[in-house]
Amino acid sequence: MPEGSLIYAIGDIHGRLDLLESLLEKIEADRSWRTEAKKTYIVFLGDYVDRGFQSREVIDYLNGLEDTPELSHIFLAGNHEDLMLGFLDDPLENQLWLRVGGLQTLVSYGIQPPANTLVDTLVETSNALGAALPEGHRTFLTSLKTWWRAGGYLFVHAGVRPGIPLEQQRRTDLLGIRQAFTESPADFGFKVVHGHTGVAEVTHLPNRIAVDTGAFATGTLSAVALWDESHTTLTS
């Protein structure tokens with residue numbers, strides 16, 4: 001870890017504002033006694049929307065978080081943010097979004113889910129979402145980072161493809177890779193902190209830390225706190 005830096009990485013939120021608020025309260029309490037920390041970073045590992053019914057509220061909340069000289073918030077992109085943006089741009093090519101949690105997101109924006117997948121219906125639904133989406137939400141979704149690095153840690157939504165330099169990693173892998181990454185024993189040159197692939201509890205392995213505990217289904221949103229060479233788990 002960079003000297004004096006305290007980092008919290010939060011797993012996939014998926015429209016559960018209630019769990020997010022609870023977890024951030026615990027993070028603040030944990031942070032309050034770490035008086036040696038000069039700078040705190042809270043890293044959100046993506047997948048803010050879909051599956052849970054508070055996607056709009058989650059983005060509103062995250063948009064309202066303010067940085068200070070002692071605290072910075074890092075927002076990373078997840079594959080579900082890309083799916084949502086894809087549906088806005090081309091609903092015919094990206095109608096998969098509706099089947100993987102997009103229906104709940106539509107409801108959170110006050111939009112009636114489509115009754116069928118006919119072309120006119122999909123276009124109408126996409127246009128309705130575009131009209132309901134506040135400009136600040138669109139800016140949030142389109143400005144998300146694909147990865148962030150601090151010291152010996154890389155923070156990314158899904159993982160990295162083994163054997164490929166970081167600068168040459170494809171966005172589709174950074175946001176969507178699974179077994180090729182999670183089953184690899186490779187030393188990536190950094191420890192990867194990621195979400196996307198669900199685990200029963202925050203899992204520490206030699207080359208990665210998995211943080212997605214399936215909040216929308218399990219009711220448990222998790223974070224890992226990184227300080228010096230120690231790791232601590234916090235849950236909602």
Tell me the carbon and sulfur percent of the accessible area for region 1-118, rounded to whole percent, probe radius 1.4 Å.
48 percent
Answer with one residue from PRO165, THR121, LEU175: the one whose Cα lies farthest towards the positive end of the charge dipole of region 112-212, charges on Cβ with Lys, Arg +1 and Asp, Glu -1.
PRO165
First select every other residue whose beta carbon is under 11 angstrom from the beta carbon of ALA77; then total the charges, Lys and Arg +1, Asp and Glu -1.
-1
To the nearest 500 deg cm²/dmol, what mean residue ellipticity at 222 nm is calculated for the chain from DSSP H runs of n ≥ 4 alone, each contributing -39,500 (n - 2.57), summed and divided by the residues?
-9000 deg cm²/dmol
Once you have a ≥ b ≥ c as the square roots of the Cα gyration tensor eigenvalues for region 192-236, tell me rounded if a/c is under 1.5, and otherwise prolate or oblate according to whether a/b is larger than b/c.
oblate
So how strong a dipole does region 117-174 carry about its Cα centre when Lys and Arg Cβ are +1 and Asp and Glu Cβ are -1, to the nearest 20 debye?
380 debye
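Kindly report the accessible area of region 106-236 per residue (heavy atoms of protein chains, probe 1.4 Å, no ligands, DNA or RNA), in Å².
Roughly 48 Å² per residue, with all protein chains present.
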Expressed as a percent, the accessible surface of region 156-217 that is carbon or sulfur, using a 1.4 Å probe and the full set of protein chains, is 51 percent
Can you find, among LEU226, PRO69, GLY86, the residue farthest towards the positive end of the dipole of the chain? Put +1 on the C-beta of Lys and Arg, -1 on that of Asp and Glu.
LEU226
With all pairs of different alpha carbon atoms counted, what Kirkwood hydrodynamic radius in Å does the chain show?
18.2 Å
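The values are calculated or read from the model by the stated rules, or taken from the named source; none is laboratory data. Since the model is a prediction, treat every value here as computed from it, not as a measurement. Because the Cβ atoms are built from the backbone with ideal geometry, glycine has one as well, and the counts that use them run over all protein chains shown. Please note that ligands, DNA and RNA were not included when accessible areas were found on the heavy atoms of the full protein model with its side chains. Shrake-Rupley method; radii C 1.70, N 1.55, O 1.52, S 1.80 Å.
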